[in-house]
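Trainee: Below you will find the structure I want to go over with you.
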Amino acid sequence: MANESKAGKTAPEKPAIAAAPAPMEKTAKAALAAAEPAQDVAGKMIEESGAQTRTAMEKNMEKATRTAEGLYKATEEAMEFGRGNFEAFTKATQTYVSGMQELSKQAFAAMQVLNEQAVQNARAMSSVKSLKEAADLQSTFAKVQLEKSMSEATKLSEAAFKLAEQSAAPLAARMTLAMERMTRPAAFV
């Protein structure tokens, strides 16, 4: 034993705690010194991570804002388009109704002319003296009535076709616009 003296007596042992503070202090200082660069690295990583997160959030918010604005614009355009469709439908309906009134007036006038002709022919038939004269008058009456009927039917048919074109024009214009818009790419993303 190293603590024994020459006379055989043992020297009192020094407590182990008294010798330990110096190496423990060195170890603690060394650990702190080693931890400082790690703290610096961790601090920088946290700052960089925070900056990256902030940048990513800003980009996402900017993108979300652009998307929301695009959707808002698309919604406004859709509402405006719907309003235009309603206006076109209203105009087409008004054109159709007023045109049908005019066609009805023309048809009534044609029927009135044909009825007046029939009354005149009936009067003429009442004054015939022979069967041959009645047959000739009836033949002439039928020919005139047929010609007038065909003439009036042609006029009414042309007017109806023109009315169909006029009343369908606003709807056709809206359909053309709808097709143009459908071929256009969406701009809200």
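Just so you know, all these numbers are worked out from the coordinates, no wet-lab data involved. Not measured: the values here are computed from a predicted model. Methodologically, a virtual Cβ is constructed for each residue, glycine included, from the backbone with ideal geometry; neighbour enumeration extends over all protein chains shown.
Trainee: Using θ = phi - 60° and the Karplus curve 6.51 cos²θ - 1.76 cosθ + 1.60, what whole-Hz ³J(HN,Hα) does each residue of the stretch 101-117 get, with Gly and Pro shown as x?
Mentor: Along the stretch 101-117, the couplings run 5, 5, 4, 4, 4, 5, 5, 5, 5, 5, 5, 5, 5, 5, 5, 4, 5 Hz.
Trainee: Place a +1 charge on the Cβ of each Lys and Arg in the stretch 36-182 and a -1 charge on the Cβ of each Asp and Glu, then give the dipole magnitude about the Cα centre in debye, rounded to the nearest 20.
Mentor: 1080 debye
Trainee: Considering only Q112, Y72, V41, whose Cα is most displaced toward the positive end of the charge dipole of the stretch 36-182, charges sitting on Cβ of Lys, Arg (+1) and Asp, Glu (-1)?
Mentor: Ranked along the dipole, the leading option is Q112.
Trainee: If amide hydrogens are placed 1.01 Å from N in the peptide plane, which non-local residues have theirs closer than 5 Å to the one on V128?
Mentor: For V128, whose amide H was placed from the backbone, there are no distant partners under 5 Å.
Trainee: What number comes out for the charge environment of V41, summing +1 per Lys or Arg and -1 per Asp or Glu over other residues with Cβ under 14 Å away?
Mentor: -3
Trainee: Counting other Cβ atoms within 10 Å, which trypsin sites (Lys or Arg not before Pro) in the stretch 114-189 have at most 11 and lie in a DSSP loop?
Mentor: Filter output for the stretch 114-189: K129.
Trainee: Right, another one. What relative contact order, as a whole-number percentage, does the stretch 64-189 give when Cα pairs under 8 Å and 6 or more residues apart are counted?
Mentor: On the way: 60 pairs, mean separation 68.8, N = 126.
After rounding, I find 55 percent.
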